[in-house]
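Participant: Structure provided below as structure tokens; questions to follow.
Where a number appears in this text, it was derived from the coordinates with a stated rule and is not lab data. It should be emphasised that the depicted structure is a prediction, and the values quoted were computed from it without experimental measurement. Cβ placement follows ideal geometry from the backbone for every residue including glycine, while neighbour counts extend to all protein chains displayed.
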């Protein structure tokens, strides 16, 4: 058993499909940036968080210096000619132990993140999968067990009920010299243990609308629980 103690968030990309002229991690959803939501969720579970910056890096640098001075910022100066796999490698190369890797455009349900990290402690490499809903999905073919899925294949063409969630746990060298996309490097290790995550990815304007709705649903579900706690206190 090896507990996950570090996180790497890839936030260097240009987000051209969304077209807002800023890193996607800096987009506000429900009055709070995606980056803040990720950091707040992760810091409950890990000791170290690295954020990889590139495109308009000054926005994230200034933001983290103001709100998250404990976050380590890692530069990807070649963000225009490299991809997420390279950013993740840069973010992880000085870390030790098991690491959770995430794209910087995700909103995650806290409970499913907690369950994912617990499951990651028991396997060397764990891949996140989620219900297929994003516009540019990489579909994930899994076995019969949704509770303990085994990822057998990734595909952009062959549709599936599930998609690659852009979250995984592994060692610091897993993305070293990866020439293609992250899922293509992971595909070299198939079959892989998977874990279901409830999340929203913001890659296009339609995804942003869906993420806003997803967050509203999470907040609506959390509200009765908070009221119940208050009732028990008085």
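Participant: Sort out for me the Cα centre separation of the stretch 201-223 from the stretch 141-187, rounded to whole Å.
Facilitator: Their Cα centres are 23 Å away from one another.
Participant: Which residues does the label zone of residue 216 cover in the stretch 19-42, counting backbone N under 14 Å from a point 7 Å along Cα→Cβ?
Facilitator: Under 14 Å, as judged by backbone N against the label point of residue 216, lie 29-31 of the stretch 19-42.
Participant: Assuming 0.36 nm per residue, please report the length gained on full extension of the stretch residue 62 to residue 81 beyond their Cα-Cα distance.
Facilitator: So the chain would gain 4.4 nm between residue 62 and residue 81.
Participant: Here is a further query. Label points 7 Å out from Cα along the Cβ direction at residue 157 and residue 43: separation in nm?
Facilitator: 4.6 nm
Participant: Project the alpha carbons of the stretch 2-107 onto their principal axes and report the range along each, largest first, in whole Å.
Facilitator: Reported extents, whole Å, longest axis first: 40, 32, 22.
Participant: Based on the mean of other Cβ atoms within 10 Å per residue, sort peptides 113-121, 171-179 so the most packed one is first.
Facilitator: Result, highest mean Cβ count within 10 Å first: 113-121, 171-179.
Participant: Using r as the Cβ-Cβ distance of residue 176 and residue 16, and R0 as 25 Å, what FRET efficiency do you calculate, to the nearest 0.05?
Facilitator: It comes to 0.45.
Participant: Further question: Is the stretch 105-181 best put as rounded, prolate or oblate by its Cα gyration tensor, with a ≥ b ≥ c the root eigenvalues, rounded for a/c under 1.5, and otherwise prolate when a/b is larger than b/c, oblate when not?
Facilitator: rounded
Participant: From the helices alone, meaning DSSP H stretches of at least four residues, give me the mean residue ellipticity at 222 nm for the chain, per-run term -39500 (n - 2.57), in deg cm²/dmol to the nearest 500.
Facilitator: The helix contribution divided over the chain gives -10000 deg cm²/dmol.
Participant: Please sort 129-137, 9-17, 183-191 by packing, taking for each peptide the average over its residues of neighbouring beta carbons within 10 angstrom, highest first.
Facilitator: Top of the packing list down: 9-17, 129-137, 183-191.
Participant: Could you tell me which of rounded, prolate or oblate describes the stretch 76-126, using a ≥ b ≥ c as the square roots of the eigenvalues of the alpha-carbon gyration tensor, with rounded for a/c under 1.5 and, failing that, prolate when a/b is larger than b/c and oblate otherwise?
Facilitator: oblate
Participant: Rounded, prolate or oblate: which fits the stretch 6-221, taking a ≥ b ≥ c as square roots of the Cα gyration tensor eigenvalues, rounded meaning a/c under 1.5, else prolate when a/b beats b/c?
Facilitator: It is rounded, given that a/c, with a ≥ b ≥ c, falls under 1.5.
Participant: Would you calculate the separation in nanometres between label points at residue 131 and residue 189, each defined as 7 Å from the Cα along the Cα-to-beta-carbon direction?
Facilitator: Here the answer is 2.8 nm between the modelled labels.
Participant: Assuming R0 = 22 Å, what is the FRET efficiency of residue 3 and residue 72, from their Cβ-Cβ distance, to the nearest 0.05?
Facilitator: The calculated FRET efficiency here is 0.70.
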